[in-house]
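First the structure, in the form of structure tokens, and then the observations on it.
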Amino acid sequence: MLRNFWLALTGAYCSVVSYHALADNEQKVQWHGFVAQGAIDADGSNFVNDDESASLALTELGINASYQLTNDIRLAGQATYLNGGNRYPDGFSLDYFLVDWSVFSNEKWQTNLYIGRIKNYHWLYSATRDVPMTRPSIILPQSVYFDATRNLSIGGDGAALTAKYFSDSYGDFDFNISSSESDISSEQSRILLGPKSQGKLKHNKDLQTSIYWQPDMSSWRFGLALTDADFSYLSGDFSGFLDGTIGLKRYYFNGEYHGEKWTFSYELLQETMEINGLLSKNFTRKPTGQGGFAQVEYLYNSDVKILARAEHYYADRKDKTGTKLNQISGGTIPQHFGYQHEFVVGTTVDLATNLQLQLEHHWIKGTARLTPVVIPNSEVNDDEYWQLAAIQFVYWF
């Protein structure tokens, strides 16, 4: 793991040098990057690794650049290296690479079309979750920002249309719609389905839309979002699953307040996952999960910020204790896989210009947001109560 980290760091450095030379010669080019490394310990779960030991699997490297091709057209992209243990697939990836076309602009409207590997602009933190110094915490609320689906949630190959409307009377409005698909690796498939997944999981459709409103002269901003995605699974040789489909519908409602010293944010989620096949030819299951978080950030001084967060998640709103889940599985899946509730405290310290330290501790009840998703690992995750501690240094340029 450390060898991969230093190889990635060397690659990032070489990229920085080449971009820096380009920026000196052409002011239309902008580049930025970040290096983040930390340590994490999830005692009582396989959130990071199966042996529940402290780990350095908290590595994030990124280089992003943009080029203003014309007054109306911009090219932008970001490449990253990630190592998060069991949370998501590790390695290099292209987070986004897109053409940003300013279609129409006047004093009231700003409309942009994005084509390529686009970003997800729909949720409260979806556009910034891949940049560590812009997140409120090292680990985002798993009730909404489930790490197992990170690579499917940050964006995909397709197109997005955004429109901003500025009203003197009613405030500012943001309208967003996108359609994209993501390539699902075999590692991502195993994270979602389990180690017996030897077939191909395909992302067939992903339609998302959202609207945000900031009232005139207000420090509040409110948002509504919808996701409609379809997946199909083609069984392979020696696969533990049959052919099947997964449909996912998600509804979000969020709000955020920015004051001089205080920031308050919340986000609520309702998601319906419909599974057909996979486990048996006629198997069908359609639970509706619910979750959300409320979060407070306090700026103690210019260098120190303190965070507190409470979050809840139920895998099935009609089975909030996990009793039915335990019965359906014949007792093989404990009740605590039906829910996950967390309380988090943390702090962010600016050590120097562009150098940040983040620390946080999580107290958790339940295991509904652990991987694999379809067939939970009840052997490793047999504790209802568990804790997580993390520390991470972030440098950006």
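If you go through the stretch 337-370 and keep only what is touching a Phe, Trp or Tyr at 6+ places or on another chain (Cβ under 7 Å), under 20 Å from Glu52 (Cα atoms) and outside any strand (DSSP E or B), you end up with Thr367, Ala368, Arg369, Leu370. Taking the criterion of being in a loop (DSSP other than H, G, I, E, B), at pLDDT 95 or above and either of a type in the set (Val, Ile, Thr) or in contact with a strand residue (DSSP E or B) (Cβ under 7 Å, 6 or more places away or on another chain) (or both), the only residue of the stretch 371-396 that qualifies is Glu384. Considering only residues in the stretch 234-265 that are hydroxyl-bearing (Ser, Thr, Tyr) and modelled with pLDDT of 95 or more, the one that is farthest from the chain's Cα centre (by Cα) turns out to be Thr245. When the stretch 309-337 is limited to residues that are farther than 21 Å from Tyr252 by Cα and aliphatic (A, V, I, L, M), the one that is surrounded by the most Cβ atoms within 10 Å (Cβ to Cβ) turns out to be Leu325. Among the residues examined, Gly346 does not qualify as surrounded by 18 or more Cβ atoms within 10 Å (Cβ to Cβ), of a type in the set (Gly, Ala, Ser), at pLDDT 95 or above and within 18 Å of Gly291 (Cβ to Cβ). State which residue is farthest from Gly289 (Cα to Cα) when the search covers only the stretch 310-332 and only residues that are among the acidic types (Asp, Glu) and in a loop (DSSP other than H, G, I, E, B). Here the residue is Asp319. Would you point out the residue of the stretch 202-244, among those that are charged (D, E, K, R) and surrounded by fewer than 19 Cβ atoms within 10 Å (Cβ to Cβ), that is nearest to Ile118 (Cα to Cα)? Across the stretch 202-244, the extreme among qualifying residues is Lys205. Mind telling me which of the residues Thr134, Thr111, Thr149 ends up being under 16 Å from the mean Cα position of the chain (by Cα), at negative phi, surrounded by fewer than 17 Cβ atoms within 10 Å (Cβ to Cβ) and of a type in the set (S, T, N, Q)? Thr134 is the lone residue from the list that is under 16 Å from the mean Cα position of the chain (by Cα), at negative phi, surrounded by fewer than 17 Cβ atoms within 10 Å (Cβ to Cβ) and of a type in the set (S, T, N, Q). Scanning the stretch 284-316 for residues that are of a type in the set (A, V, I, L, M, F, W, C) and over 23 Å from Met133 (Cα atoms) returns a single hit, Ala315.
The values are calculated or read from the model by the stated rules, or taken from the named source; none is laboratory data. Fair warning: this is a prediction, and the values are worked out from it, not measured in the lab. Here the Cβ is made from the backbone with ideal geometry for all residues, glycine too, and neighbour counts use every protein chain on show.
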